[in-house]
1. Going by a ≥ b ≥ c, the root eigenvalues of the Cα gyration tensor, does chain C fall in the rounded group (a/c under 1.5), the prolate group (a/b larger than b/c) or the oblate group?
2. In percent, how large is the relative contact order of region A:2-216, given Cα pairs closer than 8 Å and 6 or more residues apart?
3. Please give the helix C:3-12 orientation as an angle from the longest Cα principal axis of chain C, in degrees from 0 to 90, rounded to the nearest 10.
4. With springs connecting C-alpha atoms under 10 Å apart, model chain C as a Gaussian network and identify which of C:I325, C:I38, C:I216 has the largest mean-square fluctuation.
5. Around C:M107, which amide H atoms from residues at least 5 apart in sequence, or from another chain, sit under 5 Å from its own amide H, with H modelled in the peptide plane?
6. If you take the Cα Rg of chain A and divide it by 2.2 N^0.38 Å, with N the number of residues, what do you get?
7. What does the average come to when, for each residue of peptide C:148-160, you count the partner chain Cβ atoms lying within 10 Å of its Cβ?
8. If I fit a long axis through the Cα atoms of helix B:9-19 and take the longest principal axis of the Cα atoms of chain B, what angle between them do I get, 0 to 90°, rounded to 10?
Amino acid sequence: MLRTHNLALHFDEGRTKALDGVDIEIFEGEFVAITGPSGCGKSSLLNLIGTLDNPTKGELFFCNQPYSALQDLSEFRREQIGFVFQSFHLIPTLTTLGNVLVPTIGRSSDHNAIDRASDLLKLMGLESRLNHFPGQLSGGERQRVAIARALINDPAFILADEPTGSLDSTNATHVLDVIANMRLKKSLTIVMVTHDPVVAAKADREICMCDGKVISGSRRNP
Amino acid sequence: MHAEESVDAVALARQMVKLHQSSGFEARMQVEVNDADKRMHLPFKVAVIGEITLEKQRLLLRGISPRKVREQTFAILATADAPARVIKSTQDKHSAADPYSPLFDSGLILWDLLAPWWGWAEQSVIGSDTFDDHPCSLIRSRTSQTENPISEVISCVDTTTALAWRTQLFDKQHTLLRTITVNLAMRSESGMLVARALTVEVPGISNTIITVYAGDEHYQIKPDTFSILESAPEAEQ
Amino acid sequence: MNLLRFAYDNLTRRPARTTLTMTAISLGIAAIVALTAIAWGFEASWQKANDARGTDLIVTRLASENTMPSPFIAEKVRPALVNLPHVRQVVGLLSEMLTVSYDAPPMFVFGWEFNSYLWEHLQLLEGRWPESRNEPVIVIGTLAAELLHKKTGDMIEIEGVEMPVVGIFQSSALVENGALILTLQLVQQITDKTGKVNVLNLQLDSSASDSDIANIKQQVRDTLPGYTAITSGELVSQNAVVRISKAMSNATILIASLVGALVVFNTMLMSISERTREIGLLLALGWHPRTVIKLIVSESAMLTFAGGIIGIILGVLLTRGLEHIELMRGKIDAVFSFPFLLGVLALSIVLGIFGGLYPAIKAARTRPSQALRQE
């Protein structure tokens, strides 16, 4: 489903190589964890997959279509990708429901967005928190709101960058359970960046990175 | 390009004389006098009626208000071949008066109103200057007439509009007697730029602000308008 | 949840800044409203003076830069006018702006032909009208009476001639309320303009149509070189004072608009630089850059829309207040028209759109990966 070919991301006119010749493949419905020490290029890879950055070299493919052929990156992000960030990135002035609806703003013909958002929040166990503001929620609750937001447009895959990084172990487990649960319910592909081996162990496969290169797990074991 | 190189002083003087010609005009003005010590007097109003031709210049200055001013009328006649003559008329008598003396303790002087220096033979350009951002040529007019207390006038003339923005009047010893500056100009019906408000500064004595508040560029001179000039003065003033 | 609601929430989350920006905009709009209304009122008042008199056309010397058309001998022009079709009356008027008292501003002194239709629209409050064309008496408007502290029986000196006030009148036109009116012959005598007038007022019969008026204008042009026949509206719009006051209001509109746009520009620029991460997030969540532009421009347009409404209310109140303070009483007769206020509101929205456009484009160009990293 997702494939990269000789992917490179350089900064400072090539002096810093965040990614250097990365070739990976991720299959539909897979739960992949990208691990490695900090600064190894995990998040850079995730950003490239999420079209938040442009590669210096190489190409990415989605369902065998090169990213460079995509007409509208915004639409691609909106329709196919759901993002979950370590620091939640919720908008403090919007309620739980409002935050989940943010990706639908500006889309003219989306009439049942509120119903979908309410259902998702119910699935997250947040039905009693619809009108609360982020400041009134616990860390785990906030991340579950962020996950609901990532799912509002029924994406093909979820990109999660250290989703449990800011949570205590109880909440982290809860959030991971939610993600695993959603994956099954919605047959999602999940790519998660983490440095926590316990979290990584929950994934189907672990892609291990170091110094911008993939060390192991670039292909699924046959 | 320097103004003094391109301006012909004699031609300019001739133009000034020509521009001042009128078969009849009337201007009513308000005059405010400030002493050198900044003491302000109550303003007064006068009306000036004039007829200016090359051969003969006649002005009638009539007081309007207050009463003290209203009772006085002056007429001045200047011709090419005789010195200026002034008759002062009050309610009951006519008398000869000095054309060079100030009227109503102000800087208003009948002789100045005629600007006769533009008819003097000696005209020369002595430089260029600016006045309130208006570039002007400095024209020196001189006369050798001994009876005239003013023997030299330096005018700062905008040669494109023929308006003298500043006029300095000197005596034989080259002492500055007064400076007339234009504070406000307006276009007349004929399109000429004319002074609407003037300041006459007599160094160390007074500052007089003269503002024209009403006028008529086509005043009908009547046969008796200048009749007091024909009356025999009873006594020299 | 829609874009406008989101934009509104973004504004309310920073109440202090929103209030400050709105205050600045509303002050600018208030200045525009007040000055323009006063300028228009000034113009309308002049026109009202002519309209109230029942004057259909005014014959005057061709445009000069003076505030009043220059005087001419009435009898040179009148014979050509009285015989024109539809002309009922040709009435001379001579006016001057004169200092009557050193305690009061210069005032209009009007000379109106005795027994002409000009007098008919005035309402006599006290005293009587002049009884003959040469009777040396004055009638004064209510505002003139107030400014000069004069009542019937008091003496007024005009250009050295003392005359009694015999009547006080009221007119629907502010200009006339502040004026002193004498017979034409008297003003001609006092100002030494025997036989002269500034304008000749033409009253036409009721059957005169617009094309008849145009016809008369054409005939005056053809038969009286140097003269022009114009409607009161045209005369007023040529008046230097009216032109100056309009120029002033136009300058105010320009400056206030510029300042308004700059204030909005600055506010939105500050706002987006504080919200870089949030804008990055919106883009990451699949917002189209166009939607981000719409958001920021909506925010700035909302700011100026609200500022515009407050400014209009403020401007109207300010003008009404000015009309009532002692110093200004009777000098202001502001005119507020609904289309004008609507136009001001539209202007304020346009300001918001223009002021917010650059910040919006800048925001839309944010690179989401960098923005999300920003703390």
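1. Numbers: a/c = 3.86, a/b = 2.47, b/c = 1.57.
In terms of gyration-tensor shape, prolate.
2. Details: 404 pairs, mean separation 69.2, N = 215.
RCO, region A:2-216: 32 percent.
3. 80
4. Greatest mean-square fluctuation among the candidates belongs to C:I325.
5. C:L98, C:T99, C:V100
6. 1.01
7. Details: counts 0, 0, 0, 0, 0, 0, 0, 0, 0, 5, 2, 7, 12.
Partner Cβ neighbours, averaged per residue: 2.
8. Its long axis makes an angle of about 40 degrees.
Throughout, read-outs are computed from the coordinates displayed, never taken from laboratory work. Please read all numbers here as calculations on a predicted model, not as lab measurements. When we count neighbours, we look across all protein chains shown, and the Cβ atoms used for this are built from the backbone with ideal geometry, even at glycine.
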